[in-house]
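Below you'll find the structure, written out as structure tokens, and then a few comments.
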Amino acid sequence: MAERKKFKFTPVDKKYLTFNSKDVRTDMTRWDLANRLSLTSFSYSEHFKDYQAKDFVMDFFTDPNVQQSLKVFSSSRQELVTWGSHEVKEVQSELVPCSITSMDFFDRLTRPGLVRDMGAIYKCLDEDIDGFLVADELHKMILSEESDHWDVYGEEERSEFLFLLFKLLVLGGPVCQYDDGIERYLEVSKALYKEFITVQKNAETKAIEIASRVLKASAWDGEICWFPGDDHHQTFCYLILNPISRICTVISHDFGKGIW
């Protein structure tokens, strides 16, 4: 059997105007995401198929260009640093559903007891859920199956990349300042989703479809997770593949204490 052709990666200085805009950076600071959320881009050499997910991730984390250029959060230094050289023995990869093409997906949040018609989020008694101080029904809906509104979204919908992006912004980092209204959560989710995800028109149906593929990825040395870090659900690394330009956008966030 012929040896498979490895994916090779080259750093790309891609400008993400929305992510780096003044308004969004102000929001990110308020939500304690500004210094913990990293965005790096690479071109990749071969066309990608879904069955190649694990090979793609292994090639990515072991590529010298990636190790020398990937930006990650250092808990000890409280800043983004270059990942550096690591011996990666194992990787984990997971295809993340990404099919939502309309923000109508979030219309159902406007309902009695959750979000008011004008966007105000209903408050609730303070409660600690999964390490978060929950003071409103939106956070409770995201975090707790005990919420009266848990069934607003099913399990598959909660695994959609757009929902995960929205969840990231709402929950934020360890010292997040929560918003009283839902508007900015939705506006920033929409803007970033539009910037990160590539769409195309189906030649037969003329419908708009998502072209991008999203992988949740991690790199391991035995039992040690080199990257992205601990197993907190707000700690992650997503590889967003644009099959048209063959650009891989890497989004990573470290919520808690890292290995440094």
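Quick note: the coordinates plus some simple rules give every number you see, no bench work behind them. Since this is a predicted model, take the numbers as computed values, not measurements. Every residue, glycine as well, gets a Cβ built from its backbone with ideal geometry; the counts of neighbours run over all protein chains shown.
Packing order of peptides 38-44, 15-21, 171-177, highest average first: 38-44, 171-177, 15-21 (average count of other Cβ atoms within 10 Å over each peptide's residues).
Which whole-number percent is the relative contact order of the chain (Cα, under 8 Å, 6+ apart)? Mind dumping the intermediate values first?
Values: 457 pairs, mean separation 64.5, N = 260.
Reported as a whole number, the value is 25 percent.
Using the Cβ-Cβ distance between Trp220 and Gln177 with R0 = 25 Å, the FRET efficiency computed as 1/(1 + (r/R0)^6) comes to roughly 0.15. Can you find, among Ser93, Ile210, Met141, the residue sitting farthest towards the positive end of the charge dipole of the chain, where Lys and Arg contribute +1 and Asp and Glu -1 at Cβ? It is Ile210.
Note on the chain: with charges restricted to the Cβ of Lys and Arg (+1) and Asp and Glu (-1), its dipole about the Cα centre is near 1320 debye.
With the convex hull constructed from alpha-carbon coordinates only, segment 75-157 shows a mean projected area of 9.4 nm² over all directions.
Test of understanding: what is the full-extension gain from Asp23 to His232, defined as 0.36 nm times their sequence separation minus their Cα-Cα distance?
Full extension from Asp23 to His232 adds 72.5 nm.
For the chain, what does -39500 (n - 2.57) per DSSP helix run (n ≥ 4), summed and divided by total residues, give at 222 nm, in deg cm²/dmol to the nearest 500?
So the calculated ellipticity at 222 nm is -6500 deg cm²/dmol.
If you put +1 on each Lys and Arg Cβ and -1 on each Asp and Glu Cβ, how big is the dipole of segment 133-260 around its Cα centre, in Debye rounded to 20?
Here segment 133-260 has a charge dipole of around 800 debye.
Computed from Cα atoms, the angle from the helix 161-171 axis to the main principal axis of the chain rounds to 60 degrees.
Of the cross-linked pairs Lys22/Lys167; Lys71/Lys194; Lys190/Lys216; Lys89/Lys216; Lys49/Lys190; Lys49/Lys216, those separated by over 24 Å at the C-alpha level are Lys49/Lys190. Can you tell which of Phe236, Cys124, Ile247 lies farthest toward the positive end of the dipole of the chain, using +1 and -1 charges on the Cβ of basic and acidic side chains (Lys, Arg; Asp, Glu)? Of Phe236, Cys124, Ile247, it is Ile247. For segment 118-260, the relative contact order is 14 percent, taking Cα pairs closer than 8 Å that sit 6 or more residues apart in sequence and dividing their mean separation by the residue count. Shown here: segment 108-239, whose C-alpha atoms stretch 47, 47, 24 Å along the first, second and third principal axes, sorted largest to smallest. FRET efficiency for the pair Asp148 and Leu95, taken as 1/(1 + (r/R0)^6) with r the Cβ-Cβ distance and R0 = 45 Å, rounds to 0.90.
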